[in-house]
1. For Asn95 and Arg57, compute 0.36 nm times the residue count separating them, minus their Cα-Cα distance, and round to one decimal in nm.
2. Sort Asp44, Asp141 by heavy-atom solvent-accessible area, probe 1.4 angstrom, most to least.
3. When you count, for each residue, the other Cβ atoms within 10 Å and take the mean per peptide, how do 244-253, 90-99, 278-287, 306-315 rank with the highest first?
4. Using 0.36 nm per residue of separation minus the Cα-Cα distance, give me the extension gain between Ala298 and Thr29 in nm, one decimal.
5. Which ³J(HN,Hα) values, rounded to whole Hz and listed in residue order, are derived for region 53-64 from phi using the Karplus coefficients 6.51, -1.76 and 1.60 in 6.51 cos²θ - 1.76 cosθ + 1.60 with θ = phi - 60°, glycine and proline given as x?
6. Among 291-302, 60-71, how do they line up from the highest to the lowest mean number of other beta-carbon atoms within 10 Å?
7. Quick one: compute the contact order of the chain, relative version, from alpha carbon pairs under 8 angstrom and 6+ residues apart, as a percent.
8. Given a Förster distance of 35 Å, report the FRET efficiency between Arg185 and Asp141 from their Cβ-Cβ distance, rounded to the nearest 0.05.
Amino acid sequence: MTPKVSAVIPTYNRADKVRASIDSVLAQTVSDVEVVVVDDGSTDSTARVLREAYGDRIRYCYQKNQGVSAARNRGIAEAKGEWIAFLDSDDHWVNNKLEWQLKTLEQFAPGCAACYTDVAFYNHSETRTMLQLAEQSYRHDAQSGVNTEVLRLLVTPGGPGMVLCPSSFMARADIIRRAGGVNPRLRYQQDTEFMFRVALLTGFCYVNIPLVWFDRSPVEVRHMDQLVPGVPRTTAGVNAWDRLEFILQDSEVWLNGLLQLKDVPGPVQSLIREQLGSVHSGLANCYLVRGKYGKARAAAYRAVRLNMTRNFAAKFLMTWISPGLAARTVRQRESKRDAEFSV
């Protein structure tokens, strides 16, 4: 018999945390739910702990370590449910999360085959929810509704416009598979890019109730001592500029990929180009502080071509006329910003 929902939980070396996530799925008021745990090469006691605690109540899949995107894709392939919902192995669901989503999806069918909820934080001092933090960019006025601006919001993740996280997201399984799953080339924006491709295929509705508890422990704790996946905080020779360059290069791949997609509305394409211009401007800063002036000029030129602003044009001219002065200006601005944050 086909389950109504497949809950896909990727995990890696979280034997001490993943049980709470699984328990939150098993406690759902919707009973027709399968739990698919994809162990991405854990070297701790995850396999033994889950076998002893759950037996055949969950589906446990082990694979060699390939990263969270590959683990999500394995879960998508293994899932048998009509709907697929994702849950990170350090997050938890409120017990009526799926009930709310299924009811809301039925309300807004057939136009919407994807749904997200509000999210509360734990292991953090922030008392506002994710949707409350996003109010300046998009206000969710109703208890449930349709987000007509989801593509725009998904182009600017990580800031006030980011209203979606994987642990609150559920979509019809056939839509997820048509979207092609999660891009394993990306290490930082993979979930956002995936949901953007889903949003090209179907509308998104929402439940304006915090039905997910999202772990906001320090990022190096959540990512196993990595500032972002794949970039260890403690690696010798890796500094803040190295990490920033990694994030920007990942964003470049992500945004360039969005520009290649079909059926992206014109205003969203323009926003993507603006964001990509900012990425190249940031890369120019990284190259300037390292004295890689040729790369800095090339990045500044790409920024201007994508988004001609006064600041980008001035930076491009400075990389040609006086790159040393441009580099000092970047360092001074960063030092001033760091000082302001430390107050």
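The values are calculated or read from the model by the stated rules, or taken from the named source; none is laboratory data. All values reported here derive from a predicted model rather than from experimental measurement. Please note: Cβ atoms are built from the backbone with ideal geometry, for glycine as well, and neighbour counts cover all protein chains shown. The protein model used for the area step is the full one, side chains on, heavy atoms only, and it has no ligands, DNA or RNA in it. Shrake-Rupley method; radii C 1.70, N 1.55, O 1.52, S 1.80 Å.
1. Working: separation 38, 0.36 × 38 = 13.68 nm, distance 1.75 nm.
That works out to 11.9 nm of additional length.
2. Values: Asp44 60, Asp141 120 Å².
Largest accessible area first, the residues go Asp141, Asp44.
3. Working: 244-253: 18.5, 90-99: 20.6, 278-287: 22.9, 306-315: 15.5.
Top of the packing list down: 278-287, 90-99, 244-253, 306-315.
4. Details: separation 269, 0.36 × 269 = 96.84 nm, distance 5.55 nm.
Taking Ala298 through Thr29 to full extension adds about 91.3 nm, to one decimal.
5. Karplus values, whole Hz, x for Gly and Pro: 7, 10, x, 8, 6, 10, 9, 9, 10, 10, 9, 5.
6. Details: 291-302: 18.7, 60-71: 17.1.
Highest to lowest by the protection proxy: 291-302, 60-71.
7. 15
8. On the way: r = 37 Å, r/R0 = 1.06.
With a Förster radius of 35 Å, E is 0.40.
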